[in-house]
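> Would you mind keeping the following structure in view while I ask a few things?
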Amino acid sequence: MSDYEPLDIEKLMAEQAAMRALPDDFRSGFIAIVGRPNVGKSTLLNRLVGSKVAIISPKPQTTRRQILGMHTTDQAQLIFVDTPGIHEAHSKLGTVMNESARAAIPDADVVLLMIDASERLTSLDQQIAREVLRSDATPFLLLNKIDLVPQEQADARLAQLAALGDWSAIFPISATTGDGVLGLREAIVEALPLGPLYYPAEQFTDQRERDIATEIIREAALHYLDQEVPHAVNVEIMEWTARDHAKSYVEAMIYVEKQSQKGIVIGRGGAMLKRIASRARKELERVLGYPIYLDVRVKVRDGWRDDESWLNRWGYVSK
Ligand SMILES: Nc1nc2c(ncn2[C@@H]2O[C@H](COP(=O)(O)OP(=O)(O)OP(=O)(O)O)[C@@H](O)[C@H]2O)c(=O)[nH]1
Ligand SMILES: [Mg+2]
């Protein structure tokens, strides 16, 4: 008996045939999505990919690391890189998040700088714009959430943004309604270089099921928690037992930074934790497509956001 999976020759041959069938003018490349927290980067990623790849929340600093989302057609492979919102960091985690976001810029073929049409333009937006324009990537500026503002306000903001620098193109869009997103995707394909398939055509993210699960549990926690608590939450999968023809068993730990936060996450008689776990389980089953038995507990790790060993353990590293 070998320890290795048997080779699936038919699958390999089909993959090779697919590779051979690539047209000569096939395009591919990396498209970084950057901007301040909460501007809608992850919402756009999910829409461009057509599946839920990244979690979304109205609270800032939701995304904590680079997340890849792929979209492959007969003509092109678009590899989107969602990044953490660039912000003024107050912890090691914040610093690492910013570094990881900035690192996506020089590696990209196209950079999408996203601005929230419903918010004022800040000096941080201008600073990020300078960084994007300084890179060799094709710079696209996206004015997002145009569904939230009157046309005149969007027009005024577009004029302001045009003055920020020499953009290859500026797109007013709504990541939520999809307005303007198809046109954006077509322009991205045109801006990509000729290139190979970097990932199998059917792959749409670089995350493993476990990574997706930790994020979805954190998304549910973010949904119910307020103020400082969401930022102090981290999730780790402790056990994952796949069972054929039955529910997979998943044990997860929610870490917080203080005893008082643990009390809030558990809630009176465990009510809050039940709500978080129930919401997370439903979403996880929807995304993964099979039943899950989810057991969630809570533990305190004093000041983990400033503790390098915990940050490393959870894979929060500068890319
Ligand atoms: N009305 C409206 N809301 C949007 C749009 N795009 C995103 N949002 C909302 O804005 C909030 C933030 O969205 P995210 O996609 O999590 O933002 P993000 O830029 O990834 O945020 P971080 O990960 O924290 O940097 C969520 O409540 C979204 O539903 C849009 O086009 N219109
Ligand atoms: Mg995000």
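The values are calculated or read from the model by the stated rules, or taken from the named source; none is laboratory data. All values reported here derive from a predicted model rather than from experimental measurement. Because the Cβ atoms are built from the backbone with ideal geometry, glycine has one as well, and the counts that use them run over all protein chains shown.
> At pLDDT below 95 and either assigned to a loop (DSSP other than H, G, I, E, B) or surrounded by 14 or more Cβ atoms within 10 Å (Cβ to Cβ) (or both): does that describe residue 161?
Judged against the criteria, residue 161 is a match.
> Starting from the range 45-58, take each residue that is among the hydroxyl-bearing types (Ser, Thr, Tyr) and list its partners that are more than 12 Å from ligand 2 (Cβ to nearest atom) and outside any loop (DSSP other than H, G, I, E, B), counting only C-beta distances under 7 angstrom and pairs at least six apart or across chains.
Here the result reads 57/223, each pair linking the range 45-58 to a residue that is more than 12 Å from ligand 2 (Cβ to nearest atom) and outside any loop (DSSP other than H, G, I, E, B).
> Could you check the range 107-121 and list, in sequence order, the residues that are over 23 Å from residue 137 (Cα atoms) and not aliphatic (A, V, I, L, M)?
118, 119, 120
> Out of the range 16-69, which residues are closer than 20 Å to residue 280 by Cβ, of a type in the set (D, E, K, R) and under 10 Å from the mean Cα position of the chain (by Cα)?
Listed by number, the residues that qualify are 52, 64, 65.
> Of all the residues that make up the range 54-80, how many are of a type in the set (Ser, Thr, Tyr) and closer than 20 Å to residue 208 by Cβ?
3
Yes/no matrix, rows are residues, columns are (1) free of Cβ contacts under 8 Å to residues at least 12 places away in the same chain; (2) closer than 20 Å to residue 37 by Cα; (3) surrounded by 15 or more Cβ atoms within 10 Å (Cβ to Cβ):
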| residue | (1), (2), (3) |
| --- | --- |
| 88 | no, yes, no |
| 114 | no, yes, yes |
| 117 | no, yes, yes |
| 120 | yes, yes, no |
| 125 | no, yes, yes |
| 138 | no, no, yes |
| 143 | no, yes, yes |
| 166 | no, no, no |
| 172 | no, yes, yes |
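> Can you run down the residue pairs with Cβ atoms below 6 Å, 6 or more apart or on separate chains, where the first is in the range 61-84 and of a type outside the set (A, V, I, L, M, F, W, C) and within 16 Å of ligand 2 (Cβ to nearest atom) and the partner is assigned to a strand (DSSP E or B) and modelled with pLDDT under 95?
Once the first residue is of a type outside the set (A, V, I, L, M, F, W, C) and within 16 Å of ligand 2 (Cβ to nearest atom) and sits in the range 61-84, no partner that is assigned to a strand (DSSP E or B) and modelled with pLDDT under 95 comes close enough.
Conditions (1) under 28 Å from residue 231 (Cα atoms); (2) more than 19 Å from the chain's Cα centre (by Cα), marked per residue:
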position	(1), (2)
74	no, yes
77	no, no
85	yes, no
92	yes, yes
97	yes, no
104	yes, no
115	yes, no
123	yes, yes
127	yes, yes
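> With the requirement that a residue be in contact with a Leu (Cβ under 7 Å, 6 or more places away or on another chain) and within 16 Å of ligand 1 (Cβ to nearest atom), what does the range 162-180 give you?
170, 171, 172, 173, 175
> I'd like to check which strands (runs of 3 or more DSSP E) are fully inside the range 213-319 and have at least 3 residues that are within 22 Å of the chain's Cα centre (by Cα).
In the range 213-319, 234-241, 248-256 are the strands (runs of 3 or more DSSP E) which contain 3 or more residues that are within 22 Å of the chain's Cα centre (by Cα).
> A follow-up question, please. Where in the range 13-98 are there strands (runs of 3 or more DSSP E), lying wholly inside it, with at least 1 residues that are away from ligand 1 (no atom under 11 Å from the Cβ), closer than 26 Å to residue 316 by Cβ and touching a His at 6+ places or on another chain (Cβ under 8 Å)?
Those strands (runs of 3 or more DSSP E) span 76-82.
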